[in-house]
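First comes the structure, then the notes that go with it.
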Amino acid sequence: MTEQALLRGTAVLPPGLEEAGAAELAELGASGLRPLHRAVAFEADLACFYRMQLQARLPFRLLRQLASFPCRSREELYRGVQRAADWDQWLPPQLSFRVDATGSLPGLSHSHYSALQVKNALVDWQRQHWGSRSSVDLEQPDISLHVHLGGGMAQLSVDGSGESLHRRGYRPRQGLAPLKENLAAGLIRLTGWDGSVPLADPLCGSGTLLIEAACGALGIHPGLERRYALERWPDFNDPLWSAQCQAAAAARRNTLANGQALAPIVGNEADPLVLEQAQANADAAGVAPWLQLQQGDCRDFEPPGGPGVLVCNPPYGERIGERDQLEQLYADLGAMVKQRCGGWDLWLLSGNPELTGALR
């Protein structure tokens, strides 16, 4: 594929961030954007696809479409996969692979069996052409394929990311209920915070919300310290990839894009061990000098001079915390905000509407 030719792809996103994800990809140069369920379809040239892998903060994965074909049965899926790509190039038998599937069609209503049908089609094709076949590697495959079934069509894609993009690498240690980094970045994006006003988290935990905010404001892109599956693709363009890596690294700065100093970013955490994790994570992410992390109860939290933005992901009872204690925590958090945070915006991520109601 030439640099100018457009490829089609899909960004896999957390639910609720489809519109925000489409906006982010548009800023990075993608076109033909179409929000889906937990995903966004896009078009991009190879340079843009590389750029999104390195710089996009919201996706779990960025998939490149190899083929789309009519598919209404197991047999059509089998035959369509064998014709879907130049498997001489994409999957010689010395490479390992895995297949993941979503969606369904008549006779294939379970993703496991859809993936198995794709795998069988590929290894049968390999045996016919080479007399040998690839091994399946679920942990670290050379090629990771995704098939999506629905609407009488099958879409076969290859994953360019490898390990999920939400794993930034700065968080080797995490608390009992960690917030995924891309979901944290999405919440920060939804707030509209741009680094010009203070940002505070009175229940900061291991610091993910604040670290993602600081990285975004300072141009520290998430994908520089990792390896990518696309580096093993048959049409990998090393000079183009290197140029995009250099551009992403050069975007890092110590101020906002307009040259102004980053506004205060303040985190508060009651548990000293969790606060230690937050500090270690901020160090690993390279943003510790811009974060003010302190130990204390959220009920006693004193925000910096505002107005500003409060972000918070308090526990909501699925894995940590007892119900009565959490209702009191939410009520006390609401009281603190009303008493001390006049003029601030509050953005709170919660999986329990009843507890959220206790904020009043």
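The values are calculated or read from the model by the stated rules, or taken from the named source; none is laboratory data. Please read all numbers here as calculations on a predicted model, not as lab measurements. Please note: Cβ atoms are built from the backbone with ideal geometry, for glycine as well, and neighbour counts cover all protein chains shown.
Closer than 18 Å to ARG167 by Cα, hydrophobic (A, V, I, L, M, F, W, C) and in contact with a Lys or Arg (Cβ under 7 Å, 6 or more places away or on another chain) - does that describe any residue in segment 239-255? The answer is no, given that none of the residues of segment 239-255 is closer than 18 Å to ARG167 by Cα, hydrophobic (A, V, I, L, M, F, W, C) and in contact with a Lys or Arg (Cβ under 7 Å, 6 or more places away or on another chain). Filtering segment 78-112 to residues that are touching a Gly at 6+ places or on another chain (Cβ under 9 Å) and part of a helix (DSSP H, G or I) leaves only SER111. If you go through segment 11-43 and keep only what is closer than 13 Å to LEU62 by Cα and among the small types (Gly, Ala, Ser), you end up with ALA11, GLY21, ALA22, ALA30, ALA39, ALA41. The lone criterion from (1) surrounded by 18 or more Cβ atoms within 10 Å (Cβ to Cβ); (2) not in a loop (DSSP other than H, G, I, E, B) left unmet by LEU116 is number (1).
Considering only residues that are among the charged types (D, E, K, R) and touching a residue at least 60 places away in the same chain (Cβ under 8 Å), look in segment 229-263 and name the one that is farthest from GLY308 (Cα to Cα). Once the filter is applied, the top-ranked residue is ASP235.
Under the condition of being assigned to a helix (DSSP H, G or I) and free of Cβ contacts under 8 Å to residues at least 12 places away in the same chain, the residues counted in segment 24-55 number 2.
Please note which strands (runs of 3 or more DSSP E) are completely contained in segment 141-229 and include at least 2 residues that are farther than 30 Å from PRO92 by Cα and more than 15 Å from the chain's Cα centre (by Cα).
In segment 141-229, the matching strands (runs of 3 or more DSSP E) lie at 199-201.
Among the residues of segment 291-309, the one identified as within 11 Å of GLY267 (Cα to Cα) and in a helix (DSSP H, G or I) is CYS298. The residue that is surrounded by the fewest Cβ atoms within 10 Å (Cβ to Cβ), among those in segment 310-338 that are at pLDDT below 80, of a type outside the set (Asp, Glu) and not in a helix (DSSP H, G or I), is ARG319.
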